[in-house]
Amino acid sequence: MLKDIRSLSYDELSDEILSLGFPKFRVNQIFSWVHEKCVSSFDEMTNISKDMRVKLAEIFTFDNCKINTKLVSNIDDTVKYLFEFPDGEYVESVVMKYKYGYSICISTQVGCKMGCTFCASAIGGFVRQLSVGEMLTEVYTAQKDLNIKINHMVLMGTGEPLDNYDNVLKMLELITDEKGQNMSMRHISLSTCGVVPKIYDLADKKLGLTLSVSLHAPNNEIRSKSMPINHKYDIDELLKACRYYSDTTNRRISFEYAMIKGFNDSDECAFELAKKLKGILCHVNLIPVNNVRETEYIKSSVERQKKFIDILASRGVTATVRRTLGSDINASCGQLRASKKNK
């Protein structure tokens, strides 16, 4: 089986190239083509001889994707992609334009095991992990298509990043390599629904990224109804790991909280949440829940969101409502893939 060249670290690529008898300077050239210029074939490596390109193609491949569907928002220029892989599977990515530049939300798995009831990504269940190269090609393909430089990344698309832990860490190593995209780790946010052992591991690595935790409830009774992972790692275990993460890294955690009418948006929930989060270096990101046809969830009113924020603030917890981008193209991940697979 051919090896995906995008999935090789610089040192791994160096070992491979030198073992073929090629000079050391070729390593830098090839790494630059793959991760700085973001080529998708060996034929694009124009400063390398044809014989060498043929040899490389006999050993390596590119885990490429193609653009199956591209939606562009008329409201804010948000771009949503449905990427298709050679095995016929799909993932979604979203490119968002901000004052500080472009940010991409990528997927880390095809489907998801976690089964959160408010999330379209869980529809259809888990299919497979994404390779290091497949995650990178989401970024590289979008960047190339839009002719832009993406300098921020959010791992908040389809899948649970900490359930694909080793591949995700290696992808982060490559996307931040100064010889490639040189993306700052501080411009990367990783979202998890609460794989507790991996939160401890991530804390000890002190990578400098932002950890976003999908909390969505102030207690076990509510959280267990919508997030099956709470049966394995309950809210107290999760928040203990979060305290360790913020204390160890001195990085503020973002707690994601989907506001669902009549489910988790009461005054009592806000007071209880504030008590749970006391002493944790954090921020609460309120998310008006998406309308997904497979669920009956309804987003909380603007007035309820404001009251929730006021209660948290009165208890010393900062919170904001997440800005909605690409609302006219259903830019939240999972919905486009689900509609495609259901056809």
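The values are calculated or read from the model by the stated rules, or taken from the named source; none is laboratory data. Because the structure is predicted, anything quoted here is derived from the model rather than measured. Counting neighbours? That spans all protein chains shown, and the Cβs are built from the backbone with ideal geometry, glycine included.
Yes/no per residue for (1) farther than 21 Å from Asp177 by Cβ; (2) among the aliphatic types (A, V, I, L, M):
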site: Ile5; (1), (2): no, yes
site: Ile17; (1), (2): no, yes
site: Gly21; (1), (2): yes, no
site: Ser32; (1), (2): no, no
site: Val39; (1), (2): no, yes
site: Phe42; (1), (2): no, no
site: Lys50; (1), (2): yes, no
site: Lys55; (1), (2): yes, no
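Please count how many residues of the range 243-280 are touching a Ser or Thr at 6+ places or on another chain (Cβ under 9 Å) and within 19 Å of Met156 (Cβ to Cβ).
10
Checking Val94 against (1) within 26 Å of Val289 (Cβ to Cβ); (2) without any contact (Cβ under 8 Å) to a residue 12 or more places away in the chain, which test does it fail?
(2)
I'd like to know if the range 150-162 contains one or more residues that are modelled with pLDDT of 95 or more, farther than 24 Å from Cys282 by Cα and in a helix (DSSP H, G or I).
No, the range 150-162 contains no residue that is modelled with pLDDT of 95 or more, farther than 24 Å from Cys282 by Cα and in a helix (DSSP H, G or I).
Of the conditions (1) closer than 16 Å to Pro161 by Cβ; (2) touching a residue at least 60 places away in the same chain (Cβ under 8 Å), Leu146 clears all except one; give me its number.
(1)
Go through the residues of the range 137-160 one by one and say whether even a single one is assigned by TED's automatic domain parsing to the domain that holds Lys70, polar (S, T, N, Q) and within 11 Å of the chain's Cα centre (by Cα).
Scanning the range 137-160, I find at least one residue that is assigned by TED's automatic domain parsing to the domain that holds Lys70, polar (S, T, N, Q) and within 11 Å of the chain's Cα centre (by Cα), so the answer is yes.
Are any residues in the range 256-270 surrounded by 15 or more Cβ atoms within 10 Å (Cβ to Cβ), of a type outside the set (D, E, K, R) and touching a residue at least 12 places away in the same chain (Cβ under 8 Å), and if so, which ones?
Within the range 256-270, Tyr257, Ala258, Met259, Ile260, Phe263, Asn264, Cys269, Ala270 meet the criteria.
Within the range 232-255, can one find any residue that is closer than 15 Å to Val195 by Cβ, in contact (Cβ under 8 Å) with a residue 60 or more places away in the chain and either outside the structural domain of Arg304 (by TED's automatic domain parsing) or under 21 Å from the mean Cα position of the chain (by Cα) (or both)? Even if it seems obvious, please write down each step before you answer.
From the range 232-255, those closer than 15 Å to Val195 by Cβ are 232-235, 237-242, 244-245, 253; that's our starting set.
Retained after the next criterion (residues that are in contact (Cβ under 8 Å) with a residue 60 or more places away in the chain): none.
No: zero hits.
Which of (1) over 17 Å from the mean Cα position of the chain (by Cα); (2) more than 30 Å from Lys261 (Cβ to Cβ) does Phe118 not meet, given it meets every other one?
(2)
Give me the residue from the range 121-136 that is assigned to a helix (DSSP H, G or I) and farther than 30 Å from Glu36 by Cβ and, out of that set, farthest from the chain's Cα centre (by Cα).
Ala122
Looking at the range 184-208, I want the residues that are farther than 17 Å from Asp163 by Cβ and have a partner that is assigned to a helix (DSSP H, G or I) with Cβ atoms under 6 Å, at least 6 apart or on another chain. Which pairs are those?
Listed pairs, sorted by first residue: Ala203/Tyr244; Ala203/Tyr245; Ala203/Thr248; Ala203/Thr249; Lys206/Thr249; Leu207/Met185; Gly208/Met185; Gly208/Arg186.
Identify, from the list Ile67, Ile75, the residue that is among the hydrophobic types (A, V, I, L, M, F, W, C), part of a strand (DSSP E or B) and either over 16 Å from Leu13 (Cα atoms) or assigned by TED's automatic domain parsing to the domain that holds Asp177 (or both).
Sole residue among the options that is among the hydrophobic types (A, V, I, L, M, F, W, C), part of a strand (DSSP E or B) and either over 16 Å from Leu13 (Cα atoms) or assigned by TED's automatic domain parsing to the domain that holds Asp177 (or both): Ile67.
I'm trying to understand the selection: among the residues of the range 94-136, which are of a type in the set (S, T, N, Q) and surrounded by fewer than 24 Cβ atoms within 10 Å (Cβ to Cβ)?
Ser103, Thr117, Gln129, Ser131
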